[in-house]
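Novice: One structure is given below, represented as structure tokens, and several questions about it will come after.
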Amino acid sequence: MRYLYSEYDSPIATDYYYEARHISNDNFPQVHSHAHNFYEIYMYLSGSCRLSVEDSMYDVKKGDIVIIPPYTIHQLHQKEPNTLPYVRMYMYITEACLKSFQFNEHSLLHSLGLAKDNKRYHFTINDENEYNNIRLCMENVYFNQKRDFYGKELLNRSYILQIMSLMSKN
């Protein structure tokens, strides 16, 4: 297993790899349908968009998280012209990275596997505190990517563990 710590390397499915992004666009971006070999955890923050995942179309709103498994075709669509910026966060994470968290019968792949097996990709986090905690953890991973300090990897792993544990409740 390769350990990748840079978003500029091209990850393959067997790499230990994760990254988080926080993106805001004043104009809706053109995103063609695509797939990748890692999980994408998409968190909608504001604007107006629809997200197609395979044959399903989702109108996303605040509180929504979409899990996109590896090799799953997905695409962003503008729902309607909107003056609000389109803001979202997402995390890319490989299965190899998620497997490194497994202990005893607990696996972070459980809820992600359900998304893949049951083709249930769209989740609404109704508890505002849980939604805010997931967002904060993802933001922390994002901000830590640009920093270098002792213990950064352990701290990021704790954030990922929190994200996945909170999402498993829904």
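The values are calculated or read from the model by the stated rules, or taken from the named source; none is laboratory data. Since the model is a prediction, treat every value here as computed from it, not as a measurement. As a convention, Cβ positions derive from the backbone with ideal geometry for all residues, glycine included, and neighbour counts pool all protein chains shown. Side chains included, ligands, DNA and RNA excluded: accessible areas come from the protein's heavy atoms. Shrake-Rupley method; radii C 1.70, N 1.55, O 1.52, S 1.80 Å.
Residue-by-condition table, conditions (1) under 22 Å from Cys137 (Cβ atoms); (2) at pLDDT 80 or above; (3) in contact with a Ser or Thr (Cβ under 7 Å, 6 or more places away or on another chain):
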position	(1), (2), (3)
Gln30	no, yes, no
Ala35	no, yes, yes
Phe38	yes, yes, yes
Lys61	yes, yes, no
Gln75	no, yes, yes
Leu98	yes, yes, no
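Novice: Can you find, within the stretch 14-59, the residue that is nearest to Tyr159 (Cα to Cα) among those that are open to solvent by 10 Å² or more (accessible area, probe 1.4 Å) and among the β-branched types (Val, Ile, Thr)?
Specialist: Ile23
Novice: Here's a follow-up. Could you list, in sequence order, the residues of the stretch 116-159 that are under 19 Å from Gly63 (Cβ atoms) and either open to solvent by 30 Å² or more (accessible area, probe 1.4 Å) or in contact with a Pro (Cβ under 6 Å, 6 or more places away or on another chain) (or both)? Break it down into steps so the answer makes sense when it comes.
Specialist: So the first thing to find is which residues in the stretch 116-159 are under 19 Å from Gly63 (Cβ atoms), and the list is 120-139.
Once the filter is applied, which keeps residues that are under 19 Å from Gly63 (Cβ atoms) and either open to solvent by 30 Å² or more (accessible area, probe 1.4 Å) or in contact with a Pro (Cβ under 6 Å, 6 or more places away or on another chain) (or both), the stretch 116-159 yields Arg120, His122, Thr124, Asn126, Asp127, Glu128, Asn129, Asn132, Asn133, Arg135, Leu136, Glu139.
Novice: Which of the strands (runs of 3 or more DSSP E) found entirely inside the stretch 69-146 contain at least 2 residues meeting this: within 13 Å of the chain's Cα centre (by Cα)?
Specialist: Values: elements: 74-78, 86-93, 122-124.
Answer list for the stretch 69-146: 86-93, 122-124.
Novice: Of all residues being touching a Phe, Trp or Tyr at 6+ places or on another chain (Cβ under 6 Å) and β-branched (Val, Ile, Thr) in the stretch 75-115, which is nearest to Lys62 (Cα to Cα)? Just the residue, please.
Specialist: Looking at residues that are touching a Phe, Trp or Tyr at 6+ places or on another chain (Cβ under 6 Å) and β-branched (Val, Ile, Thr), I get Ile93.
Novice: Quick check: is even one residue across the stretch 149-167 small (Gly, Ala, Ser) and either assigned to a loop (DSSP other than H, G, I, E, B) or in contact (Cβ under 8 Å) with a residue 60 or more places away in the chain (or both)? Break it down stepwise before answering.
Specialist: Residues of the stretch 149-167 that are small (Gly, Ala, Ser), as a first pass: 151, 158, 165.
So of that shortlist, the ones also either assigned to a loop (DSSP other than H, G, I, E, B) or in contact (Cβ under 8 Å) with a residue 60 or more places away in the chain (or both) come out as 151.
Looking for residues that are small (Gly, Ala, Ser) and either assigned to a loop (DSSP other than H, G, I, E, B) or in contact (Cβ under 8 Å) with a residue 60 or more places away in the chain (or both), one finds at least one in the stretch 149-167, hence yes.
Novice: Cβ-Cβ below 6 Å, separation at least six or inter-chain, first residue in the stretch 74-101 and in contact (Cβ under 8 Å) with a residue 24 or more places away in the chain, second surrounded by fewer than 15 Cβ atoms within 10 Å (Cβ to Cβ) and among the acidic types (Asp, Glu): which pairs?
Specialist: Pro85/Asp26
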